[in-house]
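Taking it in order: structure first as C-alpha cells, then the write-up.
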Amino acid sequence: MSDKKTEKIVGVKGMNDILPADAPLWELFENTVHTVLKSYGFQQIRTPIVEPTALFARGLGAVTDIVEKEMYSFTDTMNGDELTLRPECTAGVVRSVLEHNLTYDSPKRLWYAGPMFRHERPQRGRYRQFHQIGAEAIGFAGPDIDAELILMCQRLWDDLGLQNIRLELNSIGNADERNRHRADLIAYFEKHVDVLDEEAKRRLHSNPLRILDTKNPAMQDMVNAAPKLLDYLGDESRAHFEGVQKILRHNNIPFTINPRLVRGMDYYNRTVFEWITDQLGSQGTVCGGGRYDPLVEMFGGKPTPACGFAMGVERLLELMKANGDQLTPNQCDAYVVHQGEEAQLQATVVAERLRDAGLDVVLHCASATGPGSFKSQMKRADASGAAYAIIIGEDEIAKGEAVVKEMRGTETGGSQSHVAFAAIPDYLVDQIVGDDHDHDHEHVHYHH
Ligand code: ATP
Ligand code: MG
C-alpha cells in the first residue's frame, strides 16, 4: 500500500507535455498564424473541448476512422450524458455558429486553435492529444473563398520560412456525382476483391471512396487504376473546381491535382486539398481542408455553404525544427540578487519599478535550502540569461544604491555601475535601448 503511494505516476501515452524549452517555438508559430489569419479578416472562436458524442457521430459519418475507432467517448456518470473529447473542431464550430445564429446577417470567417484527441497508435507525428489551428469560412459559396484559404496557408508557410510544402488538390463533386461514381467504383472493387484487405472489404459497400485513401502498398496498383471521381463531375462542380484553379494560377500558387485525394470526413464536397511535405516521413500531411456545404444542414440548420482547413501544429513545428529553427529560451533583462532582510525588501520594490518600465525581471527567491549565498545567487543570474544583474547587499542599502552589473556580451565580465534605487529603471532602459532611440517606457518590452 505505502509503496504504491510513492510510485511515480506518468502521463497518458501519446499525450505530450510541451516543455519550457519548446515554448518559444510554439509562441513564434502561434503568433505568426494569428497575424496571418487577422490579415485576412478571420475572427477567433473558442468552443468546448468536450461535446455531445452525437455531434461527431452525425457530423463526421459513422464509417470514418475517427468515429469507428479513434474517439475518446465516455458517459458522464453524474448525469448519464454521452460525451466525447473533440477529435476535430469543425463540428463544434458549426454547432456553435448554429446555436448562436452567427451567420444571420453575413457569412463569417472564423478560426480556432487547441488540443484535439484521437485514440491512435502513437508514433512520430501522430499523437493522442495533438493540436490544430483551423479556419472555417461559413456562408461562402464560390471558388473565391476556397482559393483564399489556400492563399492564406501559402502566406503562412512563407512567413514561417517553410519551403517544400506542396499543395495537392481535388474535387469530390456533390452527392449525386459521388453516387454515380460510387456504383462504378463498387463494381470495380468487386472485380478485384482478391486484392482488398479486411478494412477495404468492410468499407466496400459502406464507404468505398475511403478505400482510395488506403495506405496498404499491396492495394496501390489496383486503386490507381480505379474509376476517377473527377470524370463524373457535372458542369457546376467542374466550373467551381476550375474557378479555384484559375485563382491559384493567377497568384502563382503551384499545385498538383491528385484524383485519389479524398478526405477522412463524410461532410466534404467539391474542393478538397492537402498540404504535404516529404521531410517528415509517412506523417507528411501538415494541413488538410476543403468544402463542406452539406454539414450545416446535417446539423439542422438552413443550407449554408462552407469551406475550411485544419493544420497539425506538432507536424509543422517538427518541420520548423528540421529547418533549423532553434529559438533560445526566454531571456530576461535583469536578475535581482540580494543579501539580508532589508535588501530583500528593497529588491522586491526595485523589481516592481523595473517591470513598471516594461522590463522583464527575475527576482531571486529562496529555494528549499534558503536564499543562498551571494555566489550561488550570481550563478543563477548567469544561468537566467539576464542582460544585467542588480545586486543589493547591506552596503548598498546603507548607500541607497544598487550595483548594476552587465552580464553578457563581454568575455571578462561586464562593467558595473552604482545606481541609486529610484534611478535604476531609467538607467537600465537607456542601457538596453540606447540613448538615441525614441522610446515609450510604459509599453515596450525589451526582448533580445
Ligand atoms: P491522417 O491521414 O494523417 O490520419 P487525417 O486525415 O486524420 O490525417 P485531419 O483530420 O484532416 O487528419 O486533420 C488535419 C491535420 O491534423 C492533419 O493533416 C495532421 O497534420 C494533423 N493530425 C491529424 N491527426 C493527428 C494526430 N493523431 N497527431 C498529430 N497530428 C494529427
Ligand atoms: Mg487520421
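The values are calculated or read from the model by the stated rules, or taken from the named source; none is laboratory data. It should be emphasised that the depicted structure is a prediction, and the values quoted were computed from it without experimental measurement. Reconstructed Cβ throughout: ideal geometry from the backbone, glycine too, with neighbour counts over all protein chains shown.
Brief remarks follow.
- Some residue of the range 283-305 being polar (S, T, N, Q), farther than 30 Å from Pro122 by Cα and either more than 16 Å from ligand 1 (Cβ to nearest atom) or crowded, with 17+ Cβ neighbours inside 10 Å (or both): yes
- Residue satisfying condition, being aliphatic (A, V, I, L, M), in contact (Cβ under 8 Å) with a residue 24 or more places away in the chain, in the same structural domain as Ser96 (by TED's automatic domain parsing) and outside any loop (DSSP other than H, G, I, E, B), within set Ile253, Ile247: Ile247
- Hey, Glu236 surrounded by 12 or more Cβ atoms within 10 Å (Cβ to Cβ) and more than 33 Å from the chain's Cα centre (by Cα) or not: yes
- Residue within the range 57-71 that is of a type in the set (Ser, Thr, Tyr), more than 16 Å from ligand 2 (Cβ to nearest atom) and either in contact (Cβ under 8 Å) with a residue 24 or more places away in the chain or crowded, with 18+ Cβ neighbours inside 10 Å (or both) present: no
- Screening Pro48 on (1) touching a strand residue (DSSP E or B) at 6+ places or on another chain (Cβ under 7 Å); (2) away from ligand 2 (no atom under 15 Å from the Cβ); (3) at pLDDT 95 or above shows it passes everything except condition (1).
- Residue selection: Arg202 fails the criterion of being among the basic types (Lys, Arg), buried (at least 18 other Cβ atoms within 10 Å of the Cβ) and modelled with pLDDT under 95.
- With respect to being farther than 23 Å from Gly301 by Cβ and touching a helix residue (DSSP H, G or I) at 6+ places or on another chain (Cβ under 6 Å), Gly125 fits the description.
- All positions within the range 290-318 that are at pLDDT 95 or above and either among the hydrophobic types (A, V, I, L, M, F, W, C) or within 14 Å of ligand 2 (Cβ to nearest atom) (or both): Ala306, Cys307, Phe309, Ala310, Met311, Gly312, Val313, Glu314, Arg315, Leu316, Leu317
- Restricting the range 406-440 to residues that are part of a strand (DSSP E or B) and over 40 Å from the mean Cα position of the chain (by Cα), the residue that is modelled with the lowest pLDDT is Gln416.
- The range 186-231, subset among the acidic types (Asp, Glu) and not in a helix (DSSP H, G or I), residue nearest to Arg260 (Cα to Cα): Asp213
- The strands (runs of 3 or more DSSP E) found entirely in the range 64-167 that carry 2 or more residues being within 16 Å of ligand 1 (Cβ to nearest atom) and over 23 Å from Pro254 (Cα atoms) are 82-85, 108-117, 129-138.
- Output for the range 277-295, where each listed residue is among the hydrophobic types (A, V, I, L, M, F, W, C) and within 26 Å of Pro305 (Cβ to Cβ): Val286, Cys287, Leu295
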